[in-house]
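Here is the structure we will look at.
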Amino acid sequence: MKEGKNLGTMSSFSMINGKWAGGNTELLNDVLRDEWGFKGMVSSDAVFGFMHADDAIVAGNDLMLDTMSAPKNIKRIEQAYKADPSGTALGLRTSVHNILYALLQTYLIK
């Protein structure tokens, strides 16, 4: 991750100390982005019931491969926005930035 200049990575189904890896800010923000300097986008794998988009947004997981639980996750994001509009909006803005950064860098590399 440090030397390969990766632009995308996938978070895990795994639970680390009882917390889903894709919703784990210590793993995705503190280690992956801050410590290792990763600047690209992070995607979940397929989404299951314990993987929540509102957790992913604040944890640094930018994209959810969500087909089955999308309506539930949309409601969770709406509820998170009502509870914390600025934090949720900042998380979504950061996710969009990370996705567009990865796409732009891919385009510029060609």
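Read the figures in this text as sums done on the coordinates, not as results from a lab. Since the structure is predicted, the reported quantities are computational estimates derived from the model, not experimental observations. Cβ coordinates were reconstructed from backbone atoms using ideal geometry, including for glycine residues, and neighbour counts include every protein chain displayed.
The table below lists the values:
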quantity	calculated
Neighbour net charge for M10 - beta-carbon separation under 14 angstrom, K R +1, D E -1	-3
Inter-probe distance in nm under a simple model that places probes 7 Å from Cα toward Cβ, at S86 and I16	2.9 nm
Highest-fluctuation residue, S43, S95, S86 considered, GNM on the chain with Cα pairs under 10 Å	S86
Charge sum, other residues only, whose C-beta stays under 15 Å from N98's C-beta, Lys/Arg counted +1 and Asp/Glu -1	+2
GNM top mover of L28, L100, L92 - the chain, alpha-carbon springs below 10 Å	L100
Additional length obtainable on full extension of the chain from H97 to N6, 0.36 nm per residue less Cα span	31.2 nm
Residue order, fewest to most surrounding Cβ atoms within 10 angstrom, among F50, F38, F13	F50, F13, F38
Burial ordering of H97, H52, fewest other beta-carbon atoms within 10 Å first	H97, H52
